[in-house]
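Read-outs throughout are calculated quantities, based only on the coordinates presented, and are distinct from any laboratory measurement. Small disclaimer: the values here were computed from a predicted structure and weren't measured. Heads up, the Cβs are rebuilt from the backbone with ideal geometry, glycines too, and the neighbour counts pull from every protein chain shown.
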Amino acid sequence: MSETLRIGLIQMNSRSDKAQNLAVAERLIAEAAAQGAEVIALPEYVNFLGPRELHEANAEPIPGPTTERFATAAQRYGIYLLGGSILERSDIPGKYFNTSVLFAPTGEILATYRKIHLFDVDLTGNVTSNESATILPGDRIVTAEIAGHTVGLTICYDLRFPELYRLLALAGAELVFVPAAFTLYTGKDHWHALLRARAIENQYYVAAPAQIGPHDPGQQCYGHALVADPWGTVIAEAVNRVGVVVTTIDFAYLREVRAQLPSLANRRPEVYGSLALVRS
């Protein structure tokens, strides 16, 4: 078990051209690996971020062409690779999953996570989204092992649901991924606050690769890919452009935070009971 890990987050401006998106992703993976990253994470909808009418043409099975390319990259550089998320085909015509895949340095698929919480919002005049029109929700909380450490998988809008992140902490997670295509409108006020909150309340590292800039149809992503440590400090953050950010996470520090401020150990689930029992 390694006490530290070099982690690289990739910030992209994916659009409707899958070939171009994948070429950029592979270039940035190589850049992060050259900086010593042992774990590299890509953003949500990494290979296609475009209009709903093109979902059918760009959805893939898993394993499939995109995951095979990512498996090859993981093996080539000897890294753990989180393949952001892609549109995964389902058995229902016109419906897909928003799916994240984690690869071992051998190229083997370690874990597959389907986004649980779908981005259905109407912030009138600013952001309107109906992700569930074409995306099916996942129904499984997913962890995996990286270099002897438990990691959790989540995607973007999941970030607003602290129950998921607490369950990952209780499952032993020391690092949780949040690949995202967070909107500019919500991101400017909520992105840092939510990521830091999830790190603080669960006392683990949170790593959030991100999309940045405009994409069809008329949307804008916030960017600011970052890593927050178990104290809630942002220890690395991408600049305002496509690129990579690489930092080192220290699991000894995680244990130190949990020992000095033992909020997880001080939980009292016997008092909490069921949410259904809560009354005003």
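Any idea how far the Cα center of the stretch 15-80 sits from the one of the stretch 221-257, in Å?
Value for the Cα centre distance between the two parts: 21 Å.
With a sphere of radius 12 Å drawn around the Cβ of P262, what net charge do the other residues whose Cβ falls strictly inside it have (Lys, Arg +1; Asp, Glu -1)?
So the environment of P262 carries a net charge of +2.
Report the equivalent ellipsoid semi-axes for the stretch 164-245 in whole Å, largest first, defined as the square roots of five times the eigenvalues of the gyration tensor built from alpha carbon atoms.
24, 13, 11
Give me the dipole magnitude in Debye, nearest 20, for the chain about the Cα centre, with unit charges on the beta carbon: positive for Lys and Arg, negative for Asp and Glu.
My answer is approximately 340 debye.
Determine how many Å³ per residue the convex hull of the Cα atoms of the chain encloses.
137 Å³
Non-local amide H neighbours of A225 (under 5 Å, H modeled in plane, Pro and chain starts lacking H): which ones?
Here A210, A238 satisfy the definition.
Which one of P214, A236, I155 is farthest out on the positive end of the charge dipole of the stretch 4-277, using unit charges on Cβ (Lys, Arg +1; Asp, Glu -1) and the Cα centre as origin?
Checked the options; the winner is A236.
Loop only per DSSP, at most 15 neighbouring Cβ atoms within 10 Å: give me the trypsin sites (Lys or Arg not before Pro) in the stretch 161-264, ordered by residue number. Before the final figure, lay out each step's value.
On the way: sites: R166, K188, R196, R198, R241, R255, R258; in loops: R241.
Answer by residue number: R241.
What is the projected area of the convex hull of the Cα atoms of the stretch 130-280, averaged over all directions, in nm²?
Quarter of the Cα hull surface area: 11.3 nm².
In nm, to one decimal, how far is the modelled label at S129 from the one at L54, with both set 7 Å along Cα→Cβ?
Each label point lies 7 Å from its Cα, and together they span 1.8 nm.
Using the basic label-point model (7 angstrom from Cα toward the beta carbon), what is the E270 to V234 distance in nanometres?
Going from the E270 label point to the V234 one covers 4.2 nm.
Given labels modelled 7 Å from the Cα in the Cβ direction, how far is it in nm from S16 to T72?
That separation, rounded to one decimal, is 2.7 nm.
Loop-only check: which trypsin sites (Lys or Arg not before Pro) in the stretch 82-143 are DSSP coil with at most 14 other Cβ within 10 angstrom?
Filter output for the stretch 82-143: R140.
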